[in-house]
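To start, the structure itself, in structure tokens.
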Amino acid sequence: MPVYLVLIGLPGAGKGTQAALLSKQHGLAHVSSGDLFRDNIKRQTPLGQQVEAILKRGDLVPDDVTIAMVRDRLKNPECARGAVLDGFPRTPAQAKALEAMLTELGGRVNLVPYIQVSEPVLVERLTGRWTCKGPGQHVYHLKFNPPKAAGVCDVDGTELFQRPDDREETVKNRIAEYVAKTSPLIEHYRSLGLLVEINGDQAIEPVTAQLLAAVAGAK
Ligand code: ADP
Ligand code: ADP
């Protein structure tokens, strides 16, 4: 049976960083809705053109568009063993759609690690985040997770850049969007007995260790 882990947390909590490590460790696909949108924007596909201004503002993309994109990806053979979902679902409607999708695929949400971080930590993480231009969109941090050579990705040698939506004004809007639309998911998954709280204020390695232990203990 495929395994699906859903990472929840504010922008900058470390979802992408931890999803990359967890998916590798467990042989699961890493499905990041934000990476999928940014890849479409880079390639200027019709979907990319439709969502570009929305991402720039830090608003959420409409549910129907997001759900269709993630459904396509999860049906891909690459996701046959399951996936670590990073950034999806972000609304109750998306959570409902995900449950239906996973039933179709013969699985279910197995665990929802909620990576908790305090606000000052969050802002420092987002303002120091650098992402590579390669298709893997590898993530670094100026201070906490610097690349070996300044400005260059360790994995694929591409140049690093700062995401336009990590500017302070947009960050504020993204946090407000999360509080208004995504935070109800915490109680939803808690009531299903799937939520596990992870202390995301720690350094990358102890967070990974806590996550791996939670996954090992999940049914
Ligand atoms: P972060 O990892 O910092 O939280 P993401 O890369 O997950 O940011 O998301 C970047 C942007 O992509 C969001 O601000 C939003 O515009 C869009 N987005 C990503 N996932 C979703 C989703 N599940 N629903 C709606 N919009 C999304
Ligand atoms: P999210 O996907 O939740 O928006 P990221 O994984 O992109 O978050 O992390 C945001 C920034 O913080 C990145 O620059 C990343 O390198 C850094 N980071 C992630 N986890 C930690 C951690 N535990 N300690 C310090 N920095 C971290």
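The values are calculated or read from the model by the stated rules, or taken from the named source; none is laboratory data. Keep in mind that this is a model prediction, so the values were computed, not measured. FYI the Cβ positions are ideal-geometry reconstructions off the backbone, even for glycines, and counts take in every protein chain you see. All accessible areas refer to the heavy atoms of the entire protein, side chains included, with ligands and DNA or RNA removed. Shrake-Rupley method; radii C 1.70, N 1.55, O 1.52, S 1.80 Å.
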Task: the range 169-186 - phi-based ³J(HN,Hα) in whole Hz, Karplus 6.51/-1.76/1.60, Gly and Pro as x - done: 4, 5, 4, 4, 5, 5, 5, 5, 4, 4, 4, 6, 10, 9, 4, x, 5, 4
TODO: Specify whether the C-alpha gyration tensor of the chain places it in the rounded, prolate or oblate class, a ≥ b ≥ c being the square roots of the eigenvalues: rounded for a/c under 1.5, otherwise prolate if a/b is larger than b/c and oblate if not.
DONE: rounded
Task: Extension gain from Thr127 to Met101, taking 0.36 nm per residue of separation minus the Cα-Cα distance - done: 5.9 nm
- [ ] May I ask what percent, to the nearest 5, of DSSP beta bridges between residues of the range 98-219 are antiparallel?
- [x] 60 percent
TODO: Provide the solvent-accessible area of His26, counting protein heavy atoms only and rolling a 1.4 Å probe, rounded to the nearest 10 Å².
DONE: 70 Å²
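Just the accessible area per residue of the chain, please: how many Å² with a 1.4 Å probe?
Heavy-atom accessible area per residue stands at 49 Å².
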Open item on the list: Need one number: % antiparallel among DSSP beta bridges in the chain, to the nearest 5.
Closed with: 30 percent
Open item on the list: Roughly how far apart, in whole Å, are the Cα centres of the range 41-95 and the range 167-219?
Closed with: 19 Å
TODO: Run the quick spin-label model on Glu197 and Ala53: label points 7 Å from Cα toward the beta carbon, then report their separation in nm to one decimal.
DONE: 4.1 nm
Open item on the list: Quick check for me: using +1 on Lys/Arg Cβ and -1 on Asp/Glu Cβ, what's the dipole size of the chain about its Cα centre, in debye to the nearest 20?
Closed with: 240 debye
Task: Cα lying deepest toward the dipole's positive end in the chain, options Gly16, Leu102, Val123, charges on Cβ - done: Leu102
- [ ] State the answer as a single residue: which of Asn76, Gln210, Ala176 lies farthest towards the positive end of the charge dipole of the chain, with beta carbon charges of +1 for Lys and Arg and -1 for Asp and Glu, about the Cα centre.
- [x] Asn76
Task: Fraction of accessible area attributable to carbon and sulfur, the range 1-64 (%, probe 1.4 Å) - done: 56 percent
Task: Radius 13 Å from Cβ of Ser33, net charge of other residues (Lys, Arg +1; Asp, Glu -1) - done: 0
Open item on the list: If each DSSP helix of 4+ residues adds -39,500 (n - 2.57) and the sum is divided by the residues in the chain, what number results at 222 nm, nearest 500 deg cm²/dmol?
Closed with: -14000 deg cm²/dmol
